[in-house]
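Undergrad: My questions all concern the structure below.
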Amino acid sequence: MVDINYLCSLLGFANLIELILLAGGFIAVCIASSGYAQLIDSYSNIIKYNITVPSNVDSKSFYDIDAYIIKQADQAILMIIFILTLITLIIHILFNIRYRYTWHRFSTIIAFLCIIYAFALCGISVVVACWEDKLRKRLTNIYLNNQYINTPNGFVKPQIGSAAAASAFGFAACVMFLVEALIRLRRLADKIET
C-alpha cells in the first residue's frame, strides 16, 4: 500500500522543502564561475593578467582555501544529501513506513541522519561563504562590476553572488534538517488515528 498522504504530513512538507533548498544550492554553486575561481586562487595569475588589486586590502584577510575545490566539494555534498533525502521520501511513500511497527526506530535513525546532514551542510556553507568573501575582496572592482577577464582559456566572468546564494541555501537546508530531526525525535509526526 502506498502512503501518498505522507506528502501532506509535517515530515513530508519538511522533506519537500529540504529537496527544494538542496536543489537551489546546487544550481547556485553550479552557476558560480569555475574559471574565475581558478584565477583568483593563484595570486601569480592576478599579476600575470595585469589585474590591479586594491591597495587597502589586507593580504592576510584572504582565506587560504582553494575556491575550485570548495565548489566541487559543495556540489558533491549537496548532491549526496539530495539523493539520500529523495530516497528517504520515496521509501516513506512506497513502503508505507509510518504505519509499520518499526516506525519509531526508523524515524529515530533518520533523525540522527538529519543531524549529520545539518552539520555537513553548515560546515560546507561556512566555507562557501568564505569563498564568496575571498572572491569579493580579492578583485573588488572587477568582481562587483561583473566584468569579463581575458585568460588563455577564454573569457571568464565572476557571476557575482552565486557562491553567497549557495551558502544561504545550505544554511536554510541545515535549519530544515534540524527541524526535521526535532520533529522526529519529539515524535511530533506520529500517525494520528482518525
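The values are calculated or read from the model by the stated rules, or taken from the named source; none is laboratory data. Values in this document were obtained by computation on a predicted structure and should not be read as measured data. Here Cβ is always computed from backbone atoms with ideal geometry, including for glycine, and neighbour counts include all displayed protein chains. Just so you know, the surface numbers come from the protein's heavy atoms only, side chains and all, with ligands and any DNA or RNA stripped out. Shrake-Rupley method; radii C 1.70, N 1.55, O 1.52, S 1.80 Å.
Undergrad: Within 10 Å, count the other beta carbons around each residue, average over each peptide in 87-94, 31-38, and list them highest first.
TA: 31-38, 87-94
Undergrad: Tell me the Kirkwood radius of the stretch 1-40: reciprocal of the mean inverse pair distance over distinct alpha-carbon atoms, in Å.
TA: 12.5
Undergrad: Another question, then. In square angstrom, rounded to the nearest 10, how much accessible surface does Ile97 have for a 1.4 Å probe?
TA: 20
Undergrad: I need the phi-derived Karplus couplings for the stretch 74-90: 6.51 cos²θ - 1.76 cosθ + 1.60, θ = phi - 60°, integer Hz, Gly and Pro marked x.
TA: 5, 4, 5, 5, 4, 5, 4, 5, 4, 5, 5, 5, 5, 5, 4, 4, 5
Undergrad: Still on this structure, I have one more. If you count only protein heavy atoms and use a 1.4 Å probe, how large is the accessible surface of Val156, to the nearest 10 Å²?
TA: 20
Undergrad: Moving on to the next point. Quick one: order Arg187, Arg105 from most to least accessible surface, probe 1.4 Å.
TA: Arg105, Arg187
Undergrad: Based on the Kirkwood radius over alpha-carbon pairs, what is the Stokes-Einstein translational diffusion coefficient of the stretch 76-178 at 10 °C with 1.306 mPa s viscosity, in µm²/s?
TA: Reported coefficient: 98 µm²/s.
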